[in-house]
Each structure stands twice: as C-alpha cells, then as structure tokens.
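S.K.: Handing you a structure now.
The values are calculated or read from the model by the stated rules, or taken from the named source; none is laboratory data. Keep in mind that this is a model prediction, so the values were computed, not measured. No Cβ is skipped: glycine too gets one built from the backbone with ideal geometry, and neighbour counts run over all protein chains shown.
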Amino acid sequence: MSYSISFVLLLLAAASVAGFFGALLGVGGGIFIVPAMVLLFHLPMKIAVAASIVSVIATSNAGGSSYVEQRISNLRLAMFLELFTTTGALVGAILAIYLHDWAISMIFAAMLAYMAYASFSTRNLDDERIAKGLFSKAKADSVARYLTLEGSYHDLAADKEVHYVVCGAPAGITIASLAGIASGLLGVGGGVLKVSAMNRYMNVPMKVAVGTSKLMIGVTAAVSSILFFMAGLIHFMVVAPVAIGTTVGATIGTMLMNRLHSRVLKWIFSALMAYLAYAMLAQALAEGFGIHLPAST
Amino acid sequence: MSEPSNRGASPMAEEQNVYAGVYHMLIAGMIVSNVLFAIGIVLALIHPQFFPLSASWVSEQYRAKLVFHGLIHGQPTSYFLLGTLLLILTPVARVIVSIYAFWVDHDLKYVAVTGTVFIIMIITVILGAFGIR
C-alpha cells in the first residue's frame, strides 16, 4: 500500500478537526480521530488506536498546562492515580493486540454511547461546595491520609483559598484503572473518566481535577504506546499526519475554548457522540458478523 | 527529621524549578517530534514509497544502524521512527525526573509510588520484547 499526497493531507485535515473539537469540548482528540480513521479512511481499528494514542501524548502537552494550572494540579494525587492508570493501560493495550478489530470497535461504540448520555449529567456543583467550605470538611480515608493527598489552591473565581481533603480512594482507584484500560484499548486519553473520578468520588475540586488529569494523560498514553510500538502496530504514514494534525488542532481549540463554551456545544457534542456510536457499531457488526444496519455507509 | 504536615499540592521550591524544567522539556520533545514527522512526510511524498501495512515489516525497521543510515540518506521511515520514539520517551523522562524531584524532597513514599510507575513502564517494554505481539 503506498500513500498518496491526498491521503496524507486529508488525514492531516481530519486530525486537525478532531483535535480542534476535542480541545473545544474538553475531551481530547482521540474520541473523534479514531472513528474518523476507521469510518472515513477505512483503516484497521488496531492501527487507528495505536496512531491515536501516540498523538494523545503530543496533545497532552499541546494544550499547554499553564503555570497557573500547574500550581493548581495535585502532583501527588496524579502520581498515585498513575499507578492504576498505567496498569490499566498495559492491560488495555494487551487486549487491543489480541482482540479482533470489530470487538474493539464495539467497545468503542459503547464508550461513545455512554459519553453521549453522560454529557448531560455533569453538573458543576463546585461553586456551592467552595462557598460552603465543603471540600475541607470531608474525612480523609486511610490511603489518602497515609499518602498526604490533601491540598489547597487559590480559586480566582471565588477569590479564596480552597482547602480540600481527598477521600474515596477505592472508588477513585477503580475508575482510574478503568480509564487506563479505556486508554490502552481504545486509543483515547481517558481524561473525562479521570476528572469525574476525582471530582465526584474523591472530593477534589473541578479545577484541580482537570489540571491533575492533564498531568496523568501523557504518562498513561506512553505505556500503551510502548507496547504498540514494540508490536509494530504504529504505522508511520498514519501516525505522522495524525500527530501533527491533532497537535495543531488542539492548540487552536484550546485558545478558543474559553470563549466558545456553551450549551449549544453540549448538544452538538451529544448528537455527534450518538451518531458516531451508531456508526462504529454498524461497522463492527458488518466486519465481525456481516450484519448491515440501516443507514450505515 | 519532621516534615511540614501540609504537603499535598504545594511542592518545595526546588521541585517547582524541576517541574518548570520538565515542562519545557516536554514541549521541546513534542515540537522536535512533530518536526521529524513533518520532514518524514515531505520526504515520503517527494519519493513515494511502498509501506507494507504489516507488524513484522514495521518491527524490522527497529535497527539502530538502519535508522542512522536512513536519517542521513533521507529515508522517511527513519524520521518517523525517531519522532515516535521521542514522543513516547518524553512522558517516561518526566516520570524519571519526578522520582528525582521527590528524592530531593526526601519524600520516600512518593519515590516509591513514582518508582513503581517507572517499573510498570519497564515491564511493558519487557512484555513487548518477549512476546506480546
């Protein structure tokens, strides 16, 4: 198979769009570029996953953790959860190597369907919790206490120092492991899962959760990338345009993110996720079982 | 030897400096690998080549001499390979630097935590080298 200029340029363009929307919607480019590679470019799922996860490493730096964000992030919490995300990533990558392409596509479709549904249930309760000082009133569990996972940061919006006590380590660990498996198996960053684990179950304020998640994504992605690299699944002419495209797209998307975030975007996001979930399921059924769903390409 | 109790997300000054350095290193790694990818794409399009889509062919390209030779002679595969390796190594380097930063901070619990993450990475390399394919 030789690659034409048009293939490379189209892939570059698709990756830029994927990276752009990923940054805009705060989900990372992997969620859009993997379906794009499989559905538009008819690349095998494993090749798409491997290419995507390498580009996730690139975009984890591209958004740019500003210095402010870095001070807000909880380094120790990131390191602690990385134990589980990296283990999960290794498991996920092994599964990705041994499962059939259509099986991985189906799991990807299920993830998209879940995200389409879940995007409506993320409510920002942080403002109230910060005002009432609820983050500091929680009781640390034994793991959090042993590893001094607590922290504090200065919230510009509320204009106060917010101290928080981390708890719920078992739930956080479970979800972090799942996020790692998803990352390794599906070629996505898994940031959405990690942020929800920290914010909803571990009593971590949203801004800290987002910043801390960004610290983790590159390391998690590196683990599965290593395995894909050694298994020869990183196909050069796919990885290169995808990596460049998502980096450029994500950088631009991050710059615009603060100005454009709105309810309309959430609706578009859910609709897009639902459509992609259906399309990926259709592709998996066609490839694995020869079943053709209605209105599928 | 008592440590300040409120550690959490506020590292000591030396750690912050280490992290500033690491951050710049990560960005530099990302830029260099993207440049290598771009060079590779341009080379591949100028002289279109046949790239088999098989894992065994890709794995066969992992030879230092081949890569070095390829870089000098404008072989796109070598540039792609180097770019990919660099990209993968930047988070690995970050973990190593974190271990050092915690060590400097006398935070042995986190030296152990971060060290374990590094060991997981090593295990991944070993598994890849010896059979998972």
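S.K.: Quick one: would you say A:Gly88 is modelled with pLDDT of 95 or more and within 23 Å of A:Tyr114 (Cβ to Cβ)?
M.R.: When the stated conditions are applied, A:Gly88 passes them.
S.K.: Using the structure shown, decide if B:Gly8 is more than 10 Å from chain A (Cβ to nearest Cβ), at pLDDT below 80 and farther than 28 Å from A:Phe7 by Cβ.
M.R.: For B:Gly8, the condition - more than 10 Å from chain A (Cβ to nearest Cβ), at pLDDT below 80 and farther than 28 Å from A:Phe7 by Cβ - is not met.
S.K.: Mind checking which helices (runs of 4 or more DSSP H) fall wholly inside the range B:37-133 and carry at least 3 residues that are at the interface with chain A (Cβ under 7 Å from one of its Cβ atoms)?
M.R.: B:55-60, B:76-104, B:108-129
S.K.: Sticking with this structure for a sec: Return the only residue of A:Phe228, A:Phe236 being facing chain B (nearest Cβ under 7 Å) and under 22 Å from B:Tyr79 (Cα atoms).
M.R.: None of the other options fit; the residue is A:Phe236.
S.K.: Counting only residues that are in contact with a Leu (Cβ under 9 Å, 6 or more places away or on another chain) and surrounded by fewer than 23 Cβ atoms within 10 Å (Cβ to Cβ), which one in the range B:79-93 is farthest from A:Ala243 (Cα to Cα)?
M.R.: Among residues in the range B:79-93 that are in contact with a Leu (Cβ under 9 Å, 6 or more places away or on another chain) and surrounded by fewer than 23 Cβ atoms within 10 Å (Cβ to Cβ), the one farthest from A:Ala243 (Cα to Cα) is B:Ala93.
S.K.: Which condition does B:Leu108 not pass, out of (1) within 22 Å of A:Ala96 (Cα to Cα); (2) surrounded by fewer than 18 Cβ atoms within 10 Å (Cβ to Cβ), if it passes all the others?
M.R.: Evaluating B:Leu108 over (1) within 22 Å of A:Ala96 (Cα to Cα); (2) surrounded by fewer than 18 Cβ atoms within 10 Å (Cβ to Cβ) leaves (1) as the failure.
S.K.: Considering every residue within the range A:215-233, establish whether at least one is crowded, with 20+ Cβ neighbours inside 10 Å, in a helix (DSSP H, G or I) and among the aromatic types (Phe, Trp, Tyr).
M.R.: Yes, the range A:215-233 contains a residue that is crowded, with 20+ Cβ neighbours inside 10 Å, in a helix (DSSP H, G or I) and among the aromatic types (Phe, Trp, Tyr).
S.K.: Separate question: Looking at the range A:152-169, can you tell me whether even one residue there is touching a His at 6+ places or on another chain (Cβ under 6 Å), part of a strand (DSSP E or B) and among the hydroxyl-bearing types (Ser, Thr, Tyr)?
M.R.: yes
S.K.: Does A:Arg71 count as basic (Lys, Arg), at pLDDT below 90 and either touching a Leu at 6+ places or on another chain (Cβ under 8 Å) or closer than 23 Å to A:Ala243 by Cα (or both)?
M.R.: Judged against the criteria, A:Arg71 is not a match.
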